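Single-structure report; data block below.
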Amino acid sequence: MTVCLLLLSVVALTAAVPAPRALTRAAWPERDPVVALWVWQCLVATVLLCCLTALVLGTAAVFHTVRDRVFAPAPPAVTAAYDLSAAPVWAAALTVLLACGAGWTTAMLGRELFEARRSRGQTRAQLRERAPDLPAGLPAARGPMLVLEDEYPDAWWLPGHPAQLVVTTGALHRLTDHQLDAVLTHERGHARAHHDWLLHLSTALATGFPRVPLFAHFCDQTHRLVELAADDTASRRCGHLTTALALIELNQHRGVLSCDSSRRLLGERVDRLLEPPPRLLRRQRALTTTVAALVPLVPLLITFAPGLTALS
């Protein structure tokens with residue numbers, strides 16, 4: 001068990017510190033933000049799996065009740081292979097630390113989901129007040145799209161049940177039909193990919209563990225890459241130039257496309273749309289996706305290796 005805990009610690013530290021720093025310096029994520037998002041998720045999954053498996057092994061070593069439940073279906077040779085009875089003192093300290101981290105992570109995720117739900121409720125209440133009154137006898141607007149009377153150009157996707165695409169009359173007047181189609185396609189791209197869940201996860205981890213490089217970079221890069229991915233969705237349908245012009249027209253007075261973007265990101269997105277970088281080749285996409293998917297299996301392999309060896 002000691003060897004397993006040491007190997008899990010090495011893998012977790014590697015995935016949490018040098019790997020994200022190398023990924024942020026790489027140039028290829030801009031060429032294919034969807035693949036880059038997948039790689040970031042696999043790195044986070046690797047660290048979380050390392051912590052979870054180490055927590056299970058450590059808890060089984062410290063508490064006999066947990067050990068009996070975890071290894072109940074296993075043959076005696078498998079239990080003996082982990083040598084749980086000879087757990088060092090630092091293993092118990094590591095188990096307590098991981099248990100605290102697991103509880104804190106759960107609390108941060110719950111807080112983020114609660115705040116997101118409360119914010120959506122407040123936004124929907126404000127939209128009901130701002131939405132134009134319909135003639136008597138007509139049902140309230142509950143469709144997938146809501147038009148607000150506002151001279152300020154804006155458009156955003158409001159997740160939830162039911163999800164709604166909100167567009168102001170200012171955006172309808174300022175944008176051409178093709179530009180409006182690009183904006184709507186951009187927002188639908190966020191909705192289809194469920195980017196809101198990814199943003200909530202990255203924000204919760206970065207808030208709970210701000211000094212962990214992986215979680216801090218994961219949050220920053222997720223907010224950036226989801227916008228690039230949605231831009232790609234819009235540009236494939238409406239063209240790069242149309243999407244760039246729509247982006248500029250919609251943000252002349254505020255400098256951002258959404259509340260999560262910055263002026264620097266806006267300029268980067270416009271430049272990327274005007275001079276689109278070449279996408280990764282299909283072979284490169286497949287190789288990167290496959291390798292990234294295999295990385296989270298490393299902690300599982302380390303954890304089950306002693307038992308599999310004993311069975312063989």
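Considering only Leu281, Leu225, Thr243, and ranking their Cα positions along the charge dipole of the range 183-312 that arises from unit charges at the beta-carbon of Lys, Arg, Asp and Glu, the one farthest toward the positive end is Leu281.
Think of the chain as a dipole: +1 on every Lys or Arg Cβ, -1 on every Asp or Glu Cβ, centred on the Cα centre; then among Thr176, Ala81, Leu43, Ala81 lies furthest on the positive end. Taken about its Cα centre, the chain carries a charge dipole of roughly 540 debye when the Cβ of each Lys and Arg holds +1 and the Cβ of each Asp and Glu holds -1.
Considering only Leu273, Leu127, Leu245, the mean-square fluctuation computed in a Gaussian network model of the chain, springs between alpha carbons under 10 angstrom, is largest for Leu127.
Largest GNM mean-square fluctuation among Trp157, Trp28, Trp90, using the chain with Cα springs under 10 Å: Trp90.
Between Glu151 and Leu301, residue separation times 0.36 nm minus the direct Cα-Cα distance comes to 48.2 nm. Keeping every protein chain present and rolling a 1.4 Å probe, give me the accessible area per residue for the chain in Å². In whole numbers, the chain has 55 Å² accessible per residue. The charge dipole of the range 1-149, taken about its Cα centre with unit charges on the Cβ atoms of Lys, Arg (+1), Asp and Glu (-1) only, comes to about 260 debye. Comparing Cα centroids, the range 99-121 and the range 266-312 end up 27 angstrom apart. Residues of the range 281-312 falling in the label zone of Ala77, defined by backbone nitrogen less than 16 Å from a point 7 Å along Cα to beta-carbon, are 305-312.
You can think of it this way: the chain between Thr65 and Arg128 has 17.3 nm of extra reach, that is 0.36 nm per residue less the Cα-Cα gap. Among the helices of the chain, those built from whole DSSP H runs whose Cα atoms reach 27 Å or more along their own axis and whose mean Kyte-Doolittle hydropathy is at least -1.0 are 33-62, 89-130, 213-238.
For the range 180-305, the fraction of 1.4 Å probe accessible surface lying on carbon and sulfur atoms is 61 percent.
Taking label positions 7 Å along the Cα-Cβ direction at both Arg236 and Arg283, the computed distance is 2.2 nm, reported to one decimal. Note on the range 1-156: semi-axes of the ellipsoid equivalent to its C-alpha gyration tensor, largest first and rounded to whole Å, are 49, 23, 13. In the chain, taking the dipole from charged Cβ atoms about the Cα centre, the farthest positive-side position among Ala204, Gly189, Trp90 is held by Trp90.
How many percent of all Cα-Cα pairs in the chain sit more than 37 Å apart? Cα-Cα pairs in the chain separated by more than 37 Å: 32 percent. In this simple spin-label approximation, Ala27 and Ala310 carry label points 7 Å from Cα along the Cα→Cβ vector, and these lie 5.2 nm apart. Near Leu146, the amide H atoms lying under 5 Å from its own belong to Leu165, Val166, Val167; only residues 5 or more places off or on other chains count, and H is placed 1.01 Å from N. About its Cα centre, the range 195-312 has a charge dipole of approximately 280 debye under the convention of +1 per Lys or Arg Cβ and -1 per Asp or Glu Cβ, with nothing else charged.
The values are calculated or read from the model by the stated rules, or taken from the named source; none is laboratory data. These numbers were taken from a predicted model, which means no experiment stands behind them. Note that each Cβ is placed from the backbone with ideal geometry, even for glycine, and that neighbours are counted across all protein chains shown. Keep in mind that these areas ignore ligands, DNA and RNA; they rest on the heavy atoms of the full protein, side chains included. Shrake-Rupley method; radii C 1.70, N 1.55, O 1.52, S 1.80 Å.
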